[in-house]
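The values are calculated or read from the model by the stated rules, or taken from the named source; none is laboratory data. These numbers were taken from a predicted model, which means no experiment stands behind them. Methodologically, a virtual Cβ is constructed for each residue, glycine included, from the backbone with ideal geometry; neighbour enumeration extends over all protein chains shown. Side chains included, ligands, DNA and RNA excluded: accessible areas come from the protein's heavy atoms. Shrake-Rupley method; radii C 1.70, N 1.55, O 1.52, S 1.80 Å.
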Amino acid sequence: MTRFTQVSGLEVLDSRGNPTVQVTLVADDGAGYVAGVPSGASTGTREAVELRDGDKARYAGKGVTQAVGHVNSEIADLLTARAWSSLEEVDEALIALDGTPTKARLGANAIVGTSMAAARAFAGTSPLWQSLQPAGVIPRLPVPHFNVLNGGVHAPNDLDFQEFMVAPVGAPSFPEALRAGAAVYARLRALLQAKGEATGLGDEGGFAPNIARPEDVLTLIVEAITAAGYPTGRAGVAIALDPAASEFYRDGAYHVAGETLTSDDMIARYEAIATDFPVWSLEDGLAEGDWDGWQRLTARLGDRVQLVGDDIFVTNPAIITEAIARHVGTAALIKVNQIGSITETLRAQEICRAAGYAQMISHRSGETSDTFIADLAVATGTGQLKTGAPARGERVAKYNRLLEIAATRPDLPYGLIS
Ligand code: PGA
Ligand code: ZN
């Protein structure tokens, strides 16, 4: 049993300079456990509700003093009132205390921060990944998906696709994968400089040049992988895309680099991209409301390219269940703050595992130096993680945590599951 003597929230800044929630729990043995809450910019409409103050005079309405206040009052009262036997018990009590289906009253930011800190408390002195490991799951170091070039709402450029990631699928180990990612990133910077393109960065640490056509970006990335000395594709360094298509879907059409495209035009475009470039995974290729398009996309490309649902599934067990039944997508993106508790995140992951649906653990574009998702990825053996560029403190914190795990447990397998 675990008893908490102190529960406190604090309004801190995230990597974008916006307020976010930090939660600290103190157990009765005096040990403290801290968690920092991530925050998205291209959010799905069905995500759990991040509570923001809305006071325009303070942080442009983005303050989180109400969410922090809920941690310090109602959540603190709940958690200090009794002893707790498991994380699941804590999360269920938090969900019941909130009382809404979307965590809108207390705020998903208040609840997920408390849930993350509680998970650490239940781990105590054991590694977090060991404590989070579900029964029967083989822990695994994930293939890191480095977001090396940013567009969409994560960068002030003309590029409509949000994320261009490099994934060292063929690397022999996690440390070698990280080295490959850093090498490609450095080569890409040099290539951009040589072409007179800007090398300023977007929100996730990738470069943000003013290049509009996704195919032009892909050509550059292939060049960078080759220049770094790696084979392109699954045997070496492959590419993953997250266009985040909900963000350029307006009035029933997709708007890419000045063109107006239907769902079927987009599907044909992706098919051509998958033929011309070593793209192994495509996330949010179509908008979250375009389920019919998603079904056709899955039928057409699902056996060649991993099709990951982010905005469309929002880590929600019920929506993922529906997606699997309707043959929509082949993988789910897993973000703890989309659903708002670790127990529900693990449930969504269990549903994927049982159905043979792949999973990619993910950060948010607004991050802290919290490394929870690195441990979660290892614990749940998903084989895939995306947490930004191999640069910027809040991104490399997660990759460096994986290096630590790899160093202490060199026996853990690395790579994709199949
Ligand atoms: P977000 O972006 O954190 O801004 O939602 C990440 C993603 O779309 O995968
Ligand atoms: Zn996404």
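Side notes on the structure shown:
- Size of segment 78-169 as Cα extents on the principal axes (Å, biggest first): 53, 36, 21
- Unit charges on C-beta of K, R, D, E only; dipole of the chain, Debye: 800
- Average projected area [Cα convex hull, segment 223-380], square nanometres: 10.6
- Magnitude of the charge dipole, segment 19-161, Cβ model with Lys/Arg +1 and Asp/Glu -1, debye to 20: 240
- Compactness relative to 2.2 N^0.38 Å, alpha carbon Rg of segment 266-347: 1.11
- Mean Cα-pair separation over length for segment 27-80, i.e. relative contact order, pairs under 8 Å, 6 or more apart, %: 19
- Over segment 209-250: Kirkwood hydrodynamic radius from C-alpha pairwise inverse distances, Å: 11.8
- A simple spin-label model places the labels of residue 104 and residue 1 3.7 nm from each other, with each point 7 Å out along Cα-to-Cβ.
- With every protein chain in place, the chain: carbon and sulfur % of accessible area (1.4 Å): 50
- Of every Cα-Cα pair in segment 243-285, the percent that sits beyond 16 Å: 33
- Volume per residue that the Cα convex hull of segment 326-384 spans, once the total is divided by residue count, Å³: 93
- Computed extension length for residue 250-residue 216: 9.9 nm, one decimal, from 0.36 nm per residue of separation with the Cα-Cα distance subtracted.
- Highest GNM mean-square fluctuation among 226, 382, 24, for the chain modelled with Cα contacts below 10 Å: 226.
- In segment 299-405, inverting the average of 1/r over every pair of distinct C-alpha atoms gives 14.2 Å as the Kirkwood radius.
- Simple rule: put +1 on each Lys or Arg Cβ and -1 on each Asp or Glu Cβ in the chain, find the dipole, and look at 282, 111, 180; the Cα lying farthest toward the positive end is 180.
- Per residue, the convex hull around the alpha carbon atoms of the chain comes to 131 Å³.
- Only Lys, Arg (+1) and Asp, Glu (-1) charged, at Cβ; segment 263-388 dipole about Cα centre in debye: 300
- Over the residues of the chain, the helix contribution to mean residue ellipticity at 222 nm works out to -11500 deg cm²/dmol, using -39500 (n - 2.57) for each DSSP H run of at least 4.
- Residue-span extension gain [residue 325 to residue 262] - 0.36 nm each, minus C-alpha spacing: 20.2 nm
- Accessible area in square angstrom per residue, segment 329-418, 1.4 angstrom probe: 28
- Accessible area per residue for segment 1-140 is 42 Å², calculated with a 1.4 Å probe on protein heavy atoms, without ligands, DNA or RNA.
- Cα centroids of segment 173-211 and segment 230-245: 14 Å apart.
- Cross-link partners of residue 62 among lysines (Cα-Cα below 30 Å; sequence separation of 8 or more within a chain): 103, 335, 386, 398
- Averaging the Cα positions of each part gives two centres, and for segment 277-298 and segment 336-407 these lie 22 Å apart.
- Volume per residue for segment 172-285 equals 112 cubic angstrom (convex hull of Cα atoms).
- Cα radius of gyration and Dmax for segment 1-133 (Å): 14.6, 44
- Considering only 32, 196, 233, the mean-square fluctuation computed in a Gaussian network model of the chain, springs between alpha carbons under 10 angstrom, is largest for 196.
- Averaging over all projection directions, the Cα-based convex hull of segment 304-357 occupies 3.3 nm² in the image plane.
- In nm, spacing of pseudo-spin labels at residue 93 and residue 81 (7 Å Cα→C-beta vector): 0.8
- Considering only 17, 393, 44, the Gaussian network model of the chain with Cα springs below 10 Å gives its largest mean-square fluctuation to 17.
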